[in-house]
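Chemist: Here it is, the structure, as structure tokens.
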Amino acid sequence: MEPVPHQDRNVLYKMINPLFSPRNLTSNVAVLQVDEPFELSAHVDTICLPQYESLLDSFDWEHCVATGWGKDKFGKSGEYQVILKQVDLNLVSHSQCQAKLRTVKKLGRFFRLDKTALCAGGDAEVDTCKGDGGGPLVCPIKNSSPRRAASADAPYADDEYGEDDAQYVQAGIVGWGVGCGKEGIPGVYTDISSQLCYIDWATRCLHGDRYPEPILECDDWADRTREDLRYALNSYQYQLTQVRDGSRRWKRIDRRVKEHQAALDFLLDDWQFCANDRKTMSYLEEGYDDQPNLDGFARRQPAKADLRSGGGPGAGKAGGARGKGGKQ
């Protein structure tokens, strides 16, 4: 049992990045609106997003921390945790991570790591695990105080994330991995810096004028994304006409056509909602009885989702690695 109580909240509304691909877990991020704020305390708190102009260059790559309740080892012998655990990880560059993942037989030497991915870890038995999916990877800002390593004189010095003076930002979201804590194979996370404009746009949609500090560089994100999707969709549709119907290449291009069409449809659905029904969140938050009809947005409107947060500072290390599938 956790030493401090957790908090439960119902999710009123969720917006999923329209570029999210369940096939390869790219752009794996969603913005959730809960029915009431969490009560901030020592074990339930907020985390800053990275600054738009600084992104990965501002992180201390060698002192990042991931937390979660995932398995302590991969496979059937692994057990989910009842107390929040943490693990210290180093970031790995995109090119180096791709090269290491290409050594995995199942991925192959032509594997391409998506640009929305961030990698961390690669040491044996030191990783996040199945069940940690969706959890945070946080990194200290450069030139802020690093965490002190434990020693004989101070065996527990700064052993837990949050017990130092460093300022942390959320660098990633736990995504997927190969096996469990394999030596030389990093875990893959969603790169928050690649999702800042979507997070900004979705927050503007849900909160409107109550969103105090929008990212000015992201103001045209929806326009740019719509045009990029249309261009790619037209290109794939043309390519489809140039190959033999039913061939392996045709099937591969047809899959991309369907993926891009679905992403464009989801983006336009959300865009319409933001333009016409932005008052929805005011109704939900202020307790009006005549709430707008959201039946057309069932994909983003769960019946009664439950969000769990807190559970005490990390106590110990989370070992193992995520299994295939990512969304644990």
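Chemist: Could you go through region 10-25 and let me know if any residue there is surrounded by 15 or more Cβ atoms within 10 Å (Cβ to Cβ), of a type in the set (S, T, N, Q) and touching a Lys or Arg at 6+ places or on another chain (Cβ under 8 Å).
Modeler: No: region 10-25 contains no residue that is surrounded by 15 or more Cβ atoms within 10 Å (Cβ to Cβ), of a type in the set (S, T, N, Q) and touching a Lys or Arg at 6+ places or on another chain (Cβ under 8 Å).
Chemist: Right, next: Taking GLU39 and the conditions (1) over 28 Å from CYS274 (Cβ atoms); (2) buried (at least 16 other Cβ atoms within 10 Å of the Cβ), which numbered condition does it fall short on, given that it satisfies the others?
Modeler: In the conditions (1) over 28 Å from CYS274 (Cβ atoms); (2) buried (at least 16 other Cβ atoms within 10 Å of the Cβ), GLU39 misses (2) alone.
Chemist: To continue, here is another question. Please go through region 227-255 and pick out each residue that is surrounded by fewer than 16 Cβ atoms within 10 Å (Cβ to Cβ) and closer than 30 Å to TYR52 by Cα.
Modeler: Residues satisfying the conditions are GLU227, ASP228, ARG230, TYR231.
Chemist: Let me ask something else about it. Within region 49-64, does at least one residue satisfy the condition of being farther than 28 Å from ASP223 by Cβ, at pLDDT 90 or above and not acidic (Asp, Glu)? Walk me through it before giving the result.
Modeler: Residues of region 49-64 farther than 28 Å from ASP223 by Cβ: 59-64.
Retained after the next criterion (residues that are at pLDDT 90 or above): 64.
Remaining after also requiring not acidic (Asp, Glu): 64.
Looking through region 49-64, at least one residue is farther than 28 Å from ASP223 by Cβ, at pLDDT 90 or above and not acidic (Asp, Glu).
Chemist: Sort out which residues of region 188-197 are buried (at least 24 other Cβ atoms within 10 Å of the Cβ) and either at pLDDT below 90 or part of a helix (DSSP H, G or I) (or both), and write them in order of number.
Modeler: First, the residues of region 188-197 that are buried (at least 24 other Cβ atoms within 10 Å of the Cβ): 188-192.
Answer for region 188-197, where residues must be buried (at least 24 other Cβ atoms within 10 Å of the Cβ) and either at pLDDT below 90 or part of a helix (DSSP H, G or I) (or both): just ILE192.
Chemist: Select, from GLN81, GLN33, the only residue that is modelled with pLDDT of 80 or more, surrounded by 13 or more Cβ atoms within 10 Å (Cβ to Cβ) and either polar (S, T, N, Q) or in contact with a Ser or Thr (Cβ under 7 Å, 6 or more places away or on another chain) (or both). Spell out how you get there, then give the answer.
Modeler: Values: GLN81 fails: modelled with pLDDT of 80 or more.
Exactly one of GLN81, GLN33 is modelled with pLDDT of 80 or more, surrounded by 13 or more Cβ atoms within 10 Å (Cβ to Cβ) and either polar (S, T, N, Q) or in contact with a Ser or Thr (Cβ under 7 Å, 6 or more places away or on another chain) (or both), namely GLN33.
Chemist: Condition first: at negative phi, out of contact with any helix residue (DSSP H, G or I) (no Cβ under 9 Å at 6 or more places or on another chain) and of a type in the set (A, V, I, L, M). Can you find one or more residues in region 192-211 that meet it?
Modeler: Residues of region 192-211 at negative phi: 192-207, 209-211.
Next cut, out of contact with any helix residue (DSSP H, G or I) (no Cβ under 9 Å at 6 or more places or on another chain) only: 195, 203, 209.
After this cut, where a residue has to be of a type in the set (A, V, I, L, M) as well, the list is none.
Checked against the condition, which is being at negative phi, out of contact with any helix residue (DSSP H, G or I) (no Cβ under 9 Å at 6 or more places or on another chain) and of a type in the set (A, V, I, L, M), region 192-211 yields no hits at all.
Chemist: For region 1-54, how many residues meet the condition of being in a loop (DSSP other than H, G, I, E, B), farther than 15 Å from ASP191 by Cβ and either within 13 Å of the chain's Cα centre (by Cα) or not aromatic (Phe, Trp, Tyr) (or both)? Talk me through it step by step, then tell me what you get.
Modeler: Restricting attention to region 1-54, the residues satisfying the condition of being in a loop (DSSP other than H, G, I, E, B) are 1-6, 17-20, 22-25, 27-29, 35-47, 49-54.
Then drop every residue that is not farther than 15 Å from ASP191 by Cβ, which leaves 1-6, 18, 22-23, 35-47, 53.
Narrowing further to those that are either within 13 Å of the chain's Cα centre (by Cα) or not aromatic (Phe, Trp, Tyr) (or both): 1-6, 18, 22-23, 35-37, 39-47, 53.
Selection size over region 1-54: 22.
Chemist: Tally time: how many residues in region 74-107 are in contact with a Lys or Arg (Cβ under 7 Å, 6 or more places away or on another chain) and in a loop (DSSP other than H, G, I, E, B)?
Modeler: So the answer is 4.
Chemist: Which number in (1) closer than 21 Å to SER21 by Cα; (2) modelled with pLDDT under 95; (3) surrounded by fewer than 14 Cβ atoms within 10 Å (Cβ to Cβ); (4) not polar (S, T, N, Q) marks the one condition that TRP271 misses?
Modeler: So the condition that TRP271 fails would be (3).
Chemist: So, of the residues in region 89-141 that are crowded, with 20+ Cβ neighbours inside 10 Å and of a type in the set (Asp, Glu), which turns out to be modelled with the lowest pLDDT?
Modeler: ASP127
Chemist: Answer yes or no: is there a residue in region 209-224 that is closer than 21 Å to ALA30 by Cα, at pLDDT below 95, touching a strand residue (DSSP E or B) at 6+ places or on another chain (Cβ under 6 Å) and buried (at least 18 other Cβ atoms within 10 Å of the Cβ).
Modeler: The answer is no, given that none of the residues of region 209-224 is closer than 21 Å to ALA30 by Cα, at pLDDT below 95, touching a strand residue (DSSP E or B) at 6+ places or on another chain (Cβ under 6 Å) and buried (at least 18 other Cβ atoms within 10 Å of the Cβ).
Chemist: Would you call ARG204 touching a residue at least 60 places away in the same chain (Cβ under 8 Å), over 29 Å from GLU125 (Cβ atoms) and out of contact with any Leu (no Cβ under 9 Å at 6 or more places or on another chain)? Steps first, please.
Modeler: Numbers: touching a residue at least 60 places away in the same chain (Cβ under 8 Å): yes; over 29 Å from GLU125 (Cβ atoms): yes; out of contact with any Leu (no Cβ under 9 Å at 6 or more places or on another chain): yes.
The answer is yes for ARG204.
The values are calculated or read from the model by the stated rules, or taken from the named source; none is laboratory data. Predicted model, so just to flag it, every value in this text is computed and none were measured. Note: ideal-geometry Cβ built from the backbone for every residue, glycine included; neighbour counts use all protein chains shown.
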